[in-house]
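Written out below as structure tokens is the structure these notes cover.
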Amino acid sequence: MPEEAHRIKRSKWRLVLTSITLLALLILIYGLRDDIRGVIDNLGKVNTWALLLIIPIEFLNYDAYSRFYVHLFRILGSKVRYPDMFKLNLELNFVNHVLPSGGVSGISYFTVRMRAYHVSGAKATLSQIMKLLILFVSYLPLLVVGLLLLALRGHASNFVLIVTSSIITALIIGTFAFVYMIESRTRINSFLTALTRFLNRVVGIFRRNNPETISISGAQMAFNELHDNYKLLKTNWRQLKKPFAFMSIANITEVAAVYAVYVAFGEYVNVGAVILAYAVANFAGLISVLPAGIGVYEALMTGVLVATGIPAELSIPVTLMYRVINMVIQLTPGYYFYQKAVRAGLTVK
């Protein structure tokens, strides 16, 4: 009888989760309806073969992310398979696109899914934090190259210099703040315990009969493990060269995917403009309250491109086409593997 009740409860949970994600996906598609219409109108005006370059570029992007996880978990003492990480990356990308939470939904989903591969929640969480940290730090050399390319063409205006220096400063301060916090077991426990209590208060508004939805003692054990795993990474920091290299490849392929659309339009614009615009749009997209940063992403990317000398009549259709085609390529297999994981049970391979 208890098993039957558990099975029914599990079936209801799957139905609710599937319904929520399907609704979020429909909202995303509805929000992009004008973009999709514009892309369809422009398809006949572009070089199809150049546009198709996005597919192998995106494959290389996912390959880099997958290899990053394989090598990082190896340093942390957990062995994971490349094919599993490739599929999980597609699932993760889908979740991050349809659920607007600045990546929090993705981190939570990744942590739950990694249980299927016998990886603890603390290791999975640290891997996501390290992914973001290394991803941003490895983008710094690209930003410098982009600024030099803009300067060579006379497009390094005061606005461009302010934007670039602001991003670099934010990255450096953010990196040092993270290291300062996680270096101390006391500091990381104090900060994350306070955060857990705050989350419990928020959840308590809706669940008054359960004031401690997230166990404080259980969370503190996870925080201690997170600190221990960080120390392990710090001890083996030389082994982070490969993960850093894979994140650099991921960044390069992201920029290359945008540039491929310009080539499809028959325009060979300054790569520096694309590097800077991509950085600004993605930083803003992290804090957007809308699915996939709808509106915010397009507006900021177009604004920066125009400021660096690329006319709006070119940058707008290119940005929209990149966004729509990129989402179709990523979300279609992502949705398939996500639904497959939900049906099987998220903690099952």
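The values are calculated or read from the model by the stated rules, or taken from the named source; none is laboratory data. All figures in this text were calculated on a predicted structure; none of them were measured in a lab. Reconstructed Cβ throughout: ideal geometry from the backbone, glycine too, with neighbour counts over all protein chains shown.
Among the residues of this structure, residue 77 counts as one that is more than 15 Å from the chain's Cα centre (by Cα), modelled with pLDDT under 90 and under 16 Å from residue 240 (Cβ atoms). Scanning segment 142-161 for residues that are of a type in the set (A, V, I, L, M) and not in a loop (DSSP other than H, G, I, E, B) gives 142, 143, 144, 145, 147, 148, 149, 150, 151, 152, 160, 161. Screening 132, 126, 171 for residues that are in contact (Cβ under 8 Å) with a residue 60 or more places away in the chain and either closer than 23 Å to residue 300 by Cβ or assigned to a helix (DSSP H, G or I) (or both) leaves exactly one candidate, 126.
Let me confirm something: among 216, 287, which residue is hydrophobic (A, V, I, L, M, F, W, C), at pLDDT below 75 and either touching a Lys or Arg at 6+ places or on another chain (Cβ under 8 Å) or on the phi > 0 side of the Ramachandran plot (or both)?
Within the list 216, 287, the selection yields 216.
Pairs linking a residue in segment 233-250 that is in a helix (DSSP H, G or I) to a residue that is basic (Lys, Arg) and surrounded by 13 or more Cβ atoms within 10 Å (Cβ to Cβ), with Cβ atoms under 7 Å and 6 or more positions apart or on different chains, are 246/67.
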